Amino acid sequence: MKNKIKKGKITMAITIAIACFALTLVMFMQFKIVNETDITAIENMREAELRTELANWKSKYEETNQKYEETVEKINEYKESKQSSEETEKLVDEELEQVNLSLGKTDVEGQGIVVTLTEKNEEEIERITPDDLLLIVNDLKQAGAEAISINDQRIINMSDIADVQEYIKVNGQRILSPYIIKAIGNSTYLESALLGNGGQVDRLQKLGQDAKIEKQNNVKIGKYTGDIKIKYME
């Protein structure tokens with residue numbers, strides 16, 4: 001009986017010793033781990049975490065700022081688009097006005113000359129023909145005339161000056177003497193083109209026709225009232 005008690009005490013003592021040894025060993029290992037731990041590494045870990053957090057906030061800021069810049073850019077595009085539309089509309093209007101001027105579809109006025117041809121009904125004097133008027137128109141164009149009319153019929157590129165049954169027709173409309181030709185341009189150049197050597201007004205005067213030229217600062221020429229028809233161009 002005593003031997004069993006003694007044996008039990010020995011076993012308990014050994015167990016306690018082993019437990020103490022194990023505890024001591026664990027404590028020793030913990031102290032060793034603490035001693036071997038690099039404080040700088042811990043600080044670096046915290047710094048890395050802060051950097052990561054800062055990077056996240058920076059990323060969010062950049063994303064928000066990008067959206068803001070995109071919104072501002074769109075607003076500017078809308079404004080520029082509106083201005084561009086207004087400018088485009090203005091340019092189109094200006095181009096349309098120039099086209100109408102070129103086509104003779106607009107009333108115009110300005111410096112120029114007025115040629116008056118009064119036909120004399122005398123057998124020995126040649127009558128004024130459509131060719132005479134056409135030659136005068138061509139001379140005026142070469143002298144820089146910007147607009148021309150004959151008896152208020154606006155002359156355009158498609159105008160016809162024809163002799164029909166001994167009557168002159170311009171743009172299909174019959175006209176009678178006196179033939180009044182208006183031209184807008186440099187009045188000195190226009191006058192010189194018709195009165196100079198070989199000029200058509202000078203020639204008609206020498207033939208005995210009543211032809212005169214008057215310079216004016218405010219020559220008014222009405223627009224072409226007919227239809228402009230294109231048959232062959234596509």
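FYI, it's all coordinate maths here, none of it is from the lab. Model, not experiment: these values are computed from the prediction. Note that we place each Cβ from the backbone using ideal geometry, even for glycine, and neighbour counts take in every protein chain shown.
Quick one: compute the contact order of the range 110-221, relative version, from alpha carbon pairs under 8 angstrom and 6+ residues apart, as a percent.
46
Relative to the compact globular guide of 2.2 N^0.38 Å, what is the alpha carbon radius of gyration of the range 106-192, as a ratio?
1.08
Would you be so kind as to identify which of L195, Q142, I221 lies farthest towards the positive end of the dipole of the range 110-221, taking Lys and Arg as +1 and Asp and Glu as -1 on Cβ and the Cα centre as origin?
After comparing all options, I get I221.
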